[in-house]
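Below: one structure, written as structure tokens.
The values are calculated or read from the model by the stated rules, or taken from the named source; none is laboratory data. Only a predicted model underlies this, so the values are computations on that prediction, with no experimental measurement involved. Please note: Cβ atoms are built from the backbone with ideal geometry, for glycine as well, and neighbour counts cover all protein chains shown. Just the protein is used for accessible areas: all its heavy atoms, side chains included, with ligands, DNA and RNA removed. Shrake-Rupley method; radii C 1.70, N 1.55, O 1.52, S 1.80 Å.
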Amino acid sequence: MKKYTFHVSNTHCASCKILIEDILKDQDFISSAKVDLKKEIVEIETESDKNNEEIISILNEKIKPSNYVFSVEKINKEKEDLSVLWKAILIGFTFIILFFILQKSGILNLEIGGEVTPVVSFIIGVIASLSSCLAIVGGLIFSLSAKMMKDDNKINKRPFIFFHIGRLFAFALLGGILGLIGKAIGVNFIFSAILGLIASF
């Protein structure tokens, strides 16, 4: 039994670990696979006579659709991380500018301490679904994608459509219930601001 250790790039969370290990364990020539997220390495055991480059080539082909990369040497990610940071800053400023443009145009009709309109609620919901909700359900979606990948590298979209429809319906229903509770107990702007700051932390 031979043991190999490779570096792995583009991992983010526990779902990445599960997904990579599942893909590796599905390979006939791999007896065991373990991913260490902190060290960004993957350890595999195999009885194959293939060398490092051959194994990496085969495995990279398998994990390519999930955007992971195996390598013998650690890939320098400093430039990539800096690029991602600048993109995030640019996206943040774009949302802020868009918010002020929409507010000044009167589309949002949002004033500090004023009533939140359905349009504002919808925009806030979309932004939240692209940020915090992605962080929460993103790993689940990626894991399911790998599990449902067909032989022709096409994903069965039906379960994901039902998942997102169910998620939107549940969020709308629970949001409405929470809104009614908030209206009943009279949540004011200061309380909402404090609650928002606590949630942010």
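Please state which of the following conditions residue 115 fails to meet, knowing it meets all the rest: (1) at pLDDT below 75; (2) charged (D, E, K, R); (3) within 30 Å of residue 26 (Cα to Cα).
Single failed check for residue 115: (3).
So residue 70 fits all but one of (1) in a helix (DSSP H, G or I); (2) at pLDDT 75 or above; (3) open to solvent by less than 70 Å² (accessible area, probe 1.4 Å); (4) under 22 Å from residue 11 (Cβ atoms); what number is the exception?
With (1) in a helix (DSSP H, G or I); (2) at pLDDT 75 or above; (3) open to solvent by less than 70 Å² (accessible area, probe 1.4 Å); (4) under 22 Å from residue 11 (Cβ atoms) applied to residue 70, the lone miss is (1).
Which condition from (1) at pLDDT below 80; (2) out of contact with any helix residue (DSSP H, G or I) (no Cβ under 9 Å at 6 or more places or on another chain) is the one that residue 147 breaks?
(2)
Going residue by residue through segment 155-171, is there one that turns out to be in a loop (DSSP other than H, G, I, E, B) and open to solvent by less than 90 Å² (accessible area, probe 1.4 Å)? Spell out the reasoning first.
Taking segment 155-171 as the starting set, the residues that turn out to be in a loop (DSSP other than H, G, I, E, B) are 156-157.
Subsequent filtering for residues that are open to solvent by less than 90 Å² (accessible area, probe 1.4 Å) retains 156.
Yes, segment 155-171 contains a residue that is in a loop (DSSP other than H, G, I, E, B) and open to solvent by less than 90 Å² (accessible area, probe 1.4 Å).
If we scan segment 18-33, do we find a residue that is more than 29 Å from the chain's Cα centre (by Cα) and hydrophobic (A, V, I, L, M, F, W, C)?
yes
Among the residues of segment 28-38, write down those that are of a type outside the set (Phe, Trp, Tyr) and either loosely packed, with under 14 Cβ neighbours inside 10 Å or free of Cβ contacts under 8 Å to residues at least 12 places away in the same chain (or both). Outline the logic, then answer.
Within segment 28-38, the subset of a type outside the set (Phe, Trp, Tyr) is 28, 30-38.
Of everything in segment 28-38, those that are of a type outside the set (Phe, Trp, Tyr) and either loosely packed, with under 14 Cβ neighbours inside 10 Å or free of Cβ contacts under 8 Å to residues at least 12 places away in the same chain (or both) turn out to be 28, 32, 36, 38.
Filter segment 12-27 for residues that are outside any helix (DSSP H, G or I), open to solvent by less than 60 Å² (accessible area, probe 1.4 Å) and free of Cβ contacts under 8 Å to residues at least 40 places away in the same chain and give the result.
Selection gives 27 alone.
Looking at segment 39-67, which of its residues are under 22 Å from residue 141 (Cα atoms) and open to solvent by 70 Å² or more (accessible area, probe 1.4 Å)?
61, 62, 64, 65, 67
Would you call residue 81 at pLDDT 85 or above, open to solvent by less than 100 Å² (accessible area, probe 1.4 Å), under 25 Å from residue 141 (Cα atoms) and in a helix (DSSP H, G or I)?
Details: at pLDDT 85 or above: no; open to solvent by less than 100 Å² (accessible area, probe 1.4 Å): yes; under 25 Å from residue 141 (Cα atoms): yes; in a helix (DSSP H, G or I): yes.
Spelling it out, it is not the case that residue 81 is at pLDDT 85 or above, open to solvent by less than 100 Å² (accessible area, probe 1.4 Å), under 25 Å from residue 141 (Cα atoms) and in a helix (DSSP H, G or I).
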